[in-house]
Amino acid sequence: MRSRFATRFALAAVAALALGGAATATATADSGGLTTRPCATSDLNFKVTAETQAGGYYLITAKAKPGLVCHLEGVFPSASFGSSPDTEVSPAEHGVSDDIVLAGSTAAYAGISPKSTNDDNGIEFDRIHLSVAGDEENSVTLRLPDTATVDRPIATNWHADPADAVPFLG
């Protein structure tokens with residue numbers, strides 16, 4: 001009886017998601033929960049905004065494209081400001097955050113500080129190359145809201161709350 005209830009619940013959840021335009025979710029009848037596939041870079045729309053907190057950083061907002069449901073792993077995004085290895089972002093966090101299921105208006109946030117050094121060195125860029133970790137060959141190039149001086153850039157993991165995506169240097 002419990003298994004039938006779990007199956008019906010899972011099917012009802014999938015039907016509800018499908019009606020909401022998110023038909024790519026799948027259900028697992030044995031757990032009664034929903035599973036999603038990992039997000040690919042092409043599944044997402046990105047927005048970059050300049051923030052002043054923590055000495056200045058870029059807040060990257062990722063949302064699933066209409067009709068898609070996927071999850072972002074709680075690791076930092078693959079990003080670089082140019083083709084040199086010196087412009088690739090390094091992790092600002094040492095652990096893994098929770099995965100974030102993206103669908104509809106739900107967003108994930110990562111913070112990228114273009115400069116983690118305390119000097120006048122760096123190279124200026126007006127674009128960033130970004131992808132979901134593991135999908136680097138399908139990166140997108142985004143225009144920055146301003147020109148960034150880049151020297152040892154760092155990035156936070158993806159987070160559900162933008163307040164958690166501030167790359168504090170320390």
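Details
- Flag if V96 is β-branched (V, I, T) and at pLDDT below 95: yes
- Residues in segment 85-107 that are among the hydroxyl-bearing types (S, T, Y) and touching a residue at least 60 places away in the same chain (Cβ under 8 Å): T87, S90, S97.
Results for (1) buried (at least 21 other Cβ atoms within 10 Å of the Cβ); (2) outside any strand (DSSP E or B), shown as yes or no for each residue.
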{"position": "E73", "(1), (2)": "no, no"}
{"position": "F76", "(1), (2)": "yes, yes"}
{"position": "G95", "(1), (2)": "no, yes"}
{"position": "G104", "(1), (2)": "no, yes"}
{"position": "A110", "(1), (2)": "yes, no"}
{"position": "T117", "(1), (2)": "no, yes"}
{"position": "D120", "(1), (2)": "no, yes"}
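- In the set (1) open to solvent by 40 Å² or more (accessible area, probe 1.4 Å); (2) in contact (Cβ under 8 Å) with a residue 60 or more places away in the chain; (3) assigned to a loop (DSSP other than H, G, I, E, B), G82 fails one condition alone, (1).
- Every condition in (1) under 24 Å from G104 (Cα atoms); (2) in contact with a Phe, Trp or Tyr (Cβ under 6 Å, 6 or more places away or on another chain); (3) of a type in the set (A, V, I, L, M, F, W, C) is met by A133 except one, and the failing one is (2).
- Candidates P66, P85, P77, P38, filtered to the one that is of a type outside the set (F, W, Y) and modelled with pLDDT under 95: P85
- Here R143, R152, R127 are screened, and the one residue that is surrounded by 14 or more Cβ atoms within 10 Å (Cβ to Cβ), charged (D, E, K, R) and under 15 Å from A50 (Cα atoms) is R127.
- Among (1) open to solvent by 40 Å² or more (accessible area, probe 1.4 Å); (2) closer than 30 Å to R37 by Cα - the single one Y57 does not satisfy: (1)
- The set of residues in segment 155-170 that are open to solvent by 20 Å² or more (accessible area, probe 1.4 Å), in contact (Cβ under 8 Å) with a residue 40 or more places away in the chain and part of a loop (DSSP other than H, G, I, E, B) comprises A160, D161, F168, L169.
- Scanning segment 92-114 for residues that are touching a Lys or Arg at 6+ places or on another chain (Cβ under 7 Å) and closer than 24 Å to F81 by Cα turns up just one, A107.
- Boolean, G55 is modelled with pLDDT under 95 and either touching a strand residue (DSSP E or B) at 6+ places or on another chain (Cβ under 8 Å) or charged (D, E, K, R) (or both): yes
The values are calculated or read from the model by the stated rules, or taken from the named source; none is laboratory data. All figures in this text were calculated on a predicted structure; none of them were measured in a lab. Quick reminder, even Gly has a Cβ in these numbers, built from the backbone with ideal geometry, and neighbours come from all protein chains shown. Ligands, DNA and RNA are stripped out before the accessible areas are found, and what is left, the full protein with its side chains, is counted by its heavy atoms. Shrake-Rupley method; radii C 1.70, N 1.55, O 1.52, S 1.80 Å.
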